[in-house]
Structures are given as C-alpha cells and as structure tokens.
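K.L.:
I'd like to ask some things about the structure below.
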Amino acid sequence: MGRQAVTRRTRIFIGILLIYTAGIAFLLYRVVSDIDPRYRESAEESLVETSQLMASLVEQDVIAGAINTARLEPLFRTVYAREFSAQIYNLHKSQVELRVYVTDRSGRVMFDSLGRHLGADYSQWSDVSRTLAGVYGARTSRDVDGDPRTSVMYVGAPVRWNNEIVGMVSVGKPVQSFGQFVEDARARTLWVGVGSGLALLLLALIVSVWLVRPFGLISDYWTWVRAQRSLSVSRMARRAVDAVRTGFSEMRDALTGRNYVADYVQTFTHEVKSPLSAIRGAAELLQEPSMPHAERERFLKNIERETQRIQEIVDRMMELTALETRRALERTEPVPLASLIDDIAISAQPAAAKRNIRLLVNIRAEASTEGDPFLLRRAISNLLDNAIDFSPPDSEVLLTLETTAKLARVSVRDHGPGIPEYAQEKVFQKFYSLARPHNQKKSTGLGLAFVKEIAALHRGRIELGNAVRGGAVATLTLPLASHH
C-alpha cells in the first residue's frame, strides 16, 4: 500500500516540536548532571573545616614534634555510640558516619577511627602526600573496588609543631550519606522539567484555541449538539476529540506560519500558465486573415478546450478550499456503504463501457459509517474515475467493501500501469497528476487531495499504492457507525 506523503507544514511543525523537546532534554541533562558535583563541592567544603578543627585538636597534644592520639580513641568511641534522631527533609539520620585517621610525617597511620588500618602506609594517597607536602590534599576512594556506592570523600589538614609539619589529619565522609539528597534532587528536577515542558505545550494549545479563535470550536460543537435528534455519549466524545484535534491543527498552522493565500496563488499561477499560453498563441494565429477555415476551426477548439481546463481548475480549487476550511462535518447521518457503492458503480458504467472496461462490485460485508453521504459519494467516485482512466481496454476494475471490528474499507483496484516509484510520495499533493495511458493527458491534480480532505473529515484515511499482481489499488478506510 502507498504511504501518504507528509505535508511540508506537518514536517515543519514536527521539526519545531523535536527542536523544543531536544532543547528541554539537553537543559534537563545539564541540570541533572550538575547536581552531583554541586553536592560534592558542598560536602567537601564542610570537610575542609572539620579537618582543620581536628588538626587543631591533635596539635594540642603534640610533644616535642611527636603526635599523641591517646584522647582520640575514647572520643570517637563515644561519638559512634551516641543515639540521636535527625529528620533532614526526606533523609533520616541516626548515627555519625564521619571518619578520621591521623598519620605521622612519613604517612604511616597512627590512628584510625574505624580501627581498620592502624599502622598502614598511606603515603601514596593524594590527601596524605599533598597535605604532608604543604598543599591542599583530598581524594575520593571506594571501600569496595567496583562498587561506587562505597565511595568515601577525604580531605586532609596538616598537624604543625613550631611551623613544621609533623603529621596530618584526614576527615572522610561516605558519599552515600548525601547521595540520597542527590537522587531526590534529580527526581524533583526531572519532574519539574517534564511538567514545565508539558505545561508549555498545553499553554500553546490553549492560546491557539482561546486567543486565536476564542469561541469558534465551542460554538461549532454546541451547534452540532443542538442539531442532533438523539444524543449519544460516544458520538459526543468523538466530536469533542475532533474539536481538540482541530485546535491542535490550528496551533500547528500558527507555529509554522502557513499562508494559504500565497500557497494557492503560487500553485494556481503555475497550473494556468500552460493553458493561458496555448490560448494566447491560438488567438495570435487567428488574427492572420489568410488562415484556412479548417485551421481556424482547430484553433478555436483549442481555445475552447484550454478555457474549459482553466474553468475546471478554478472550480476544483474552490471546492477544495471550501472543504479545507471546514473544521468538522456540520451534519452527519448513517451512510450505508454497500448501496452507495452500488449506485456509484451504476453511474460510472457508461464511462467504463466506452473503453470496454468491466466494473465488478464485491460486497463482503454490510457496513455503515457516520458522515456526509454527498462527500463520501464524491470521494469514492473520484477513486473510481481514476481507476477507469488508468485501466487499459478490455480490463476490469474491482470495487470491494470489507470490514474489521471497527473499520470499513472501500478499495478500488485497477489493472493499469500502477504508480511509478518516483510518484509514490507525491500522489496526494495538490496539482500533481500522472498522464493517462490512453490519451497522455493529465487531470487537474486536485482529485486525490480532495479525497484526502474528505477522509480526514470522516476520521478516516486514504492510501494509494501498487497491487501485488500489477495495477493500482486505492483504499478508503472509515470508522464504522455506532449502533444504538
């Protein structure tokens, strides 16, 4: 089946949404990724002060350059045994997690508050080596290799005696102790960012619906409700969804700056240029007094034919423009598709018979849809006329009606040349037309665009592609009418 070409305004609108989404995502990524470093900086700043405090405490017991850590062990044994309960926002804290170790001037551990590494050589750790060298020293290491949850931040401070560094104190804090703040801040930031993005999109929709056209949608909806003989909740809900979809389309048009007038003037000018040139050329030749009568008649017929072509373009453009400006079907009724297809096939029989083309109708299931019978007739007739135009003599065109649980499908199959690959994405564009095989003439190129608009008004879709065994097949899909 052929895929409907995405219009330029839809691509632009989707592009704007993607850029907006990418911008919001990038902003959130930068903010969220920056949370952890900011919390680490705050924690490190506190550790700097604590380490200086502990170094000053140790310096009180330095005797002749020798560090004495005798008072530290009972101090931390008491600190770790303290019972308390502190509720810090969403974090509950009930024990001290601070760690302290003291080294001599060679980097050997003289005291460890956890009692794990007493006597160990820590001279290679950056917090120890840099602090003993008289510069700021800090590090983050893991208690268990490969497990980032066991990371601990350490900050060192020198222990001095007579302006000489005789050792150092390092104060550590597990990253996990403030990691809960980081995770909570990340979650809150993501929720705020996503909520703000959705709120901005909703605001754009509200502005489009209520400021661009304040009461149009509601008044149309109210008019439709009053015109209904019997009210159905499901039908009213579908109508409301259509109204919201219309508001969304108008927002898309406003964002992409679509200019219908400029669009139609440009395409109309392009299409009428050729027949106008033909008319002007024929008119100039008709001014020749010596032109034979047969030639004069031929040129007059050319003028009539090209004038008729311009008239047809103008009429179809006016119909299409009127159809596109309709936000929804004003009045709908159940349309029996089987009888509609039979009537259309009977009406098209003379045109098909002229080229000896057989019309076959295959009704596989009775089905009705809610809509405008006149517009649906125009849509299916358009598809059938196309199939006849592209069919070779002595072939057949098959009209089929089949259903699924919720949809009705009307397909029109011919045995013509099919749709070239280069035209697959263009067949629903305005003024795009392929030459008919039997006379090499093109149509106005507005018929399939007309069918597409009718399908959209009926909450359906139209597809056109090549059949498996040759030829083209057009499928109009419509929602089945609700039975009450």
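No value in this document is a laboratory result; all are computed from the given coordinates. In this text, all values refer to a predicted model and were calculated from it rather than measured experimentally. Virtual Cβ from ideal backbone geometry, glycine too; neighbours counted across all protein chains shown.
K.L.:
Going Cα to Cα from LYS354, which aspartates and glutamates come in below 17 Å? Please leave out same-chain ones fewer than 8 positions away.
P.N.:
Answer for LYS354, where 17 Å is the Cα cut-off: ASP385, ASP389, ASP394, GLU396, ASP414, listed by chain and number.
K.L.:
Hey, another quick one. Pick out, from SER42, ALA81, ASN68, the residue whose Cα sits farthest towards the positive end of the charge dipole of the stretch 34-182, with +1 on the Cβ of Lys and Arg and -1 on the Cβ of Asp and Glu.
P.N.:
Result: ALA81.
K.L.:
Provide, for q = 0.14, 0.18, 0.19, 0.20 Å⁻¹, the log10 of I(q)/I(0) from a solvent-free Debye sum over equal Cα point scatterers in the stretch 331-484.
P.N.:
-0.65, -1.08, -1.20, -1.32
K.L.:
Provide VAL225, VAL159, VAL361 in ascending order of the number of other Cβ atoms located within 10 Å of each residue's Cβ, fewest first.
P.N.:
VAL225, VAL361, VAL159
K.L.:
I need the calculated FRET efficiency for the pair TYR29 and SER290, taking r as the beta carbon distance and R₀ as 56 Å, to the nearest 0.05.
P.N.:
0.10
K.L.:
Rank these for me by crowding, TYR154, TYR20, TYR136, TYR89, going from fewest to most other beta carbons within 10 Å.
P.N.:
Listed from fewest to most nearby Cβ atoms, that is TYR89, TYR136, TYR20, TYR154.
K.L.:
If I model a spin label at TYR20 and THR140 as a point 7 Å from the Cα along the Cα→Cβ vector, what separation in nanometres do I get?
P.N.:
That separation, rounded to one decimal, is 3.6 nm.
K.L.:
Which residue, chosen from HIS92, SER51, GLY115, occupies the Cα position most advanced towards the positive end of the dipole of the stretch 34-182, where the dipole is computed from +1 (Lys, Arg) and -1 (Asp, Glu) charges on Cβ about the Cα centre?
P.N.:
Of the options given, the answer is GLY115.
K.L.:
Still on this structure, please answer the following. Show me, for the stretch 183-191, the HN-Hα J-couplings you get by feeding each phi into the Karplus relation (A = 6.51, B = -1.76, C = 1.60, θ = phi - 60°), rounded to Hz, glycine and proline as x.
P.N.:
Those phi angles translate into 5, 5, 5, 4, 4, 5, 5, 4, 4 Hz.
K.L.:
In the stretch 363-414, which trypsin sites (Lys or Arg not before Pro) fall in coil by DSSP and have 16 or fewer other Cβ atoms within 10 Å?
P.N.:
ARG364, LYS406
K.L.:
Rounded to the nearest 20 Debye, what is the dipole magnitude of the stretch 42-110 about its Cα centre when Lys and Arg each give +1 and Asp and Glu each give -1 at the C-beta?
P.N.:
Roughly 220 debye, rounded to the nearest 20.
K.L.:
Could you tell me how many cubic angstrom of Cα convex hull volume the stretch 34-182 has per residue?
P.N.:
It comes to 117 Å³ per residue, whole-number rounded.
K.L.:
Give the residues of the stretch 113-153 whose amide nitrogen is closer than 16 Å to a point set 7 Å from the Cα of GLU97 in the direction of its Cβ.
P.N.:
114, 140-144, 147-153
K.L.:
Okay, moving on. If Lys and Arg each add +1 and Asp and Glu each add -1, what is the summed charge of the other residues whose beta carbon sits under 13 Å from the beta carbon of PRO158?
P.N.:
Result for the neighbourhood of PRO158: -1.
K.L.:
Treating only the Cβ of Lys, Arg, Asp and Glu as charged (+1, +1, -1, -1), what charge dipole size does the stretch 128-208 show about its Cα centre? Round to the nearest 20 debye.
P.N.:
About 140 debye.
K.L.:
Shifting gears a bit: Going by how many other beta carbons lie within 10 Å of each one, how would you line up LEU359, LEU448, LEU57, fewest first?
P.N.:
So the residues, fewest neighbours to most, are LEU57, LEU359, LEU448.
K.L.:
Using DSSP to call loops (not H, G, I, E or B), can you name the GluC sites (Glu not before Pro) in the stretch 28-117 whose Cβ has at most 16 other Cβ atoms within 10 angstrom?
P.N.:
When the GluC sites (Glu not before Pro) of the stretch 28-117 are filtered for loop state and at most 16 Cβ neighbours within 10 Å, GLU83, GLU97 remain.
K.L.:
Given an 8 Å cut-off on Cα distances and at least 6 residues of separation, report the relative contact order of the stretch 331-484 as a percent.
P.N.:
So the answer I get is 25 percent.
K.L.:
Efficiency by 1/(1 + (r/R0)^6): what FRET value for ARG77 and SER56, r their Cβ-Cβ distance, R0 = 22 Å, to the nearest 0.05?
P.N.:
0.55
K.L.:
Continuing with the same structure: When the dipole is taken about the Cα centre of the stretch 331-484, and only Lys, Arg (+1) and Asp, Glu (-1) are charged at their Cβ, what size is it in debye, to the nearest 20?
P.N.:
320 debye
K.L.:
What whole-number distance in Å separates the alpha-carbon centres of the stretch 137-192 and the stretch 79-122?
P.N.:
12 Å
K.L.:
So how much slack lies between ARG280 and LEU202, counting 0.36 nm per residue of separation and subtracting their Cα-Cα distance, in nm?
P.N.:
Roughly 22.7 nm would be gained on extension.
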